[in-house]
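Engineer: Sharing a structure with you now.
Derivation of every value follows stated rules applied to the coordinates shown; laboratory data play no part. On a predicted model such as this, the values are computed, not experimentally measured, just so you know. Here the Cβ is made from the backbone with ideal geometry for all residues, glycine too, and neighbour counts use every protein chain on show.
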Amino acid sequence: MIRLCNLHKSFGDKAILKGIDLEVESGETVAVIGPSGSGKSTTLRCINQLEQAQKGKLTIGNREYDLEKITPADLKEIRSSTAMVFQNFSLYENKTALWNIMLPLIKAKKYSKEDARKTALEHLEKVGLLPWKDHYPSQLSGGQAQRVGIARALALKPEVILFDEPTSALDPEMVQGVLGLIREISKERITSIIVTHELEFALDVADHVVFMEDGCVVEKGEAREVLKNPQNERTAKFLGHFADKLEYVI
Ligand SMILES: Nc1ncnc2c1ncn2[C@@H]1O[C@H](COP(=O)(O)OP(=O)(O)O)[C@@H](O)[C@H]1O
Ligand SMILES: [Mg+2]
């Protein structure tokens, strides 16, 4: 379970997140949708401590953190209970696919080299990339690189996986494959937050959907309800841009 309470984040004097509340039950997948610039990535980054929030409470399982006063011990705990899949993959360019997965296991999880290798190979196999284990990111397609990013996140066995628009940097022909992989993962009921513009996919995998705009959660609810029958005018307007895509899955 993960919960954010009253998250506030500013950059300089510009308020970006204005009191975000978000809750994901254990095993649940929540999709976060909303226009570009609404603060979706910043919300995930404040959870994972890639950004420091000015205010708010974060609960992961039975541990609660005051985001204003994160101690080095908190930071370590939060980092080891969450894993992020990035829009631009964020792989080490000078490391092979295998080492991209092994390194965080060795550094963050204190695995021995041998155990890290075993776990990394298992996860490369899971995402269908075992034959590419010795390739560098520049030798992989975007879809393959993102599979490595996903394998890296899964290998860490986090309590929560945060996906930040995992398919938006991919060529169109790669998108369905990566969405298919995330769909498979969601069946394992790993607690996940997925920022995505792929609304059909959100409808399919998400238990709940949250709509954000201008640093606020405007609407949240059951995926089908929010996507098919939005109560807020702003949600409806946003979804209107995707109407043709959603129509045939009603
Ligand atoms: N490091 C930063 N410094 C200053 N402004 C930022 C920074 N990161 C994000 N922002 C601003 O915060 C707002 C929300 O950004 P972001 O969370 O990336 O939105 P989204 O992911 O919904 O597109 C945007 O206006 C963006 O310009
Ligand atoms: Mg973003």
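Engineer: Checking the condition within 12 Å of ligand 2 (Cβ to nearest atom) and either free of Cβ contacts under 8 Å to residues at least 60 places away in the same chain or touching a helix residue (DSSP H, G or I) at 6+ places or on another chain (Cβ under 9 Å) (or both), which residue from I16, I2 passes?
Structural biologist: Answer to the selection: I16.
Engineer: Identify, from the list S41, S36, S10, S81, the residue that is among the small types (G, A, S) and away from ligand 1 (no atom under 12 Å from the Cβ).
Structural biologist: Selected residue: S81, the only one of S41, S36, S10, S81 that is among the small types (G, A, S) and away from ligand 1 (no atom under 12 Å from the Cβ).
Engineer: Counting only residues that are in a loop (DSSP other than H, G, I, E, B) and away from ligand 1 (no atom under 16 Å from the Cβ), which one in region 187-225 is farthest from V30 (Cα to Cα)?
Structural biologist: Looking at residues that are in a loop (DSSP other than H, G, I, E, B) and away from ligand 1 (no atom under 16 Å from the Cβ), I get E188.
Residue-by-condition table, conditions (1) closer than 24 Å to G149 by Cα; (2) over 16 Å from the mean Cα position of the chain (by Cα):
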site: D171; (1), (2): yes, yes
site: I182; (1), (2): yes, no
site: R189; (1), (2): yes, no
site: D207; (1), (2): yes, no
site: D214; (1), (2): no, yes
site: L227; (1), (2): no, yes
site: Q231; (1), (2): no, yes
site: R234; (1), (2): no, yes
site: H241; (1), (2): no, yes
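Engineer: Right, something else. Which one is nearest to S80 (Cα to Cα), of the residues in region 124-171 that are within 16 Å of ligand 2 (Cβ to nearest atom) and surrounded by fewer than 22 Cβ atoms within 10 Å (Cβ to Cβ)?
Structural biologist: E165
Engineer: A further question on this structure: Find all pairs meeting these conditions: Cβ atoms under 7 angstrom apart; at least six residues apart or on different chains; first residue within region 51-74 and charged (D, E, K, R); second residue assigned to a helix (DSSP H, G or I).
Structural biologist: Here the result reads E51/T42; E51/R45; R63/E77, each pair linking region 51-74 to a residue that is assigned to a helix (DSSP H, G or I).
Engineer: Tell me, which residue of region 19-29 that is touching a residue at least 24 places away in the same chain (Cβ under 8 Å), under 19 Å from the mean Cα position of the chain (by Cα) and more than 13 Å from ligand 1 (Cβ to nearest atom) is nearest to A206 (Cα to Cα)?
Structural biologist: Among residues in region 19-29 that are touching a residue at least 24 places away in the same chain (Cβ under 8 Å), under 19 Å from the mean Cα position of the chain (by Cα) and more than 13 Å from ligand 1 (Cβ to nearest atom), the one nearest to A206 (Cα to Cα) is T29.
Engineer: Inside region 17-64, can you point out the residues that are surrounded by fewer than 19 Cβ atoms within 10 Å (Cβ to Cβ) and part of a strand (DSSP E or B)?
Structural biologist: Within region 17-64, K18, G19, D21, E23, K55, K57, T59, R63, E64 qualify.
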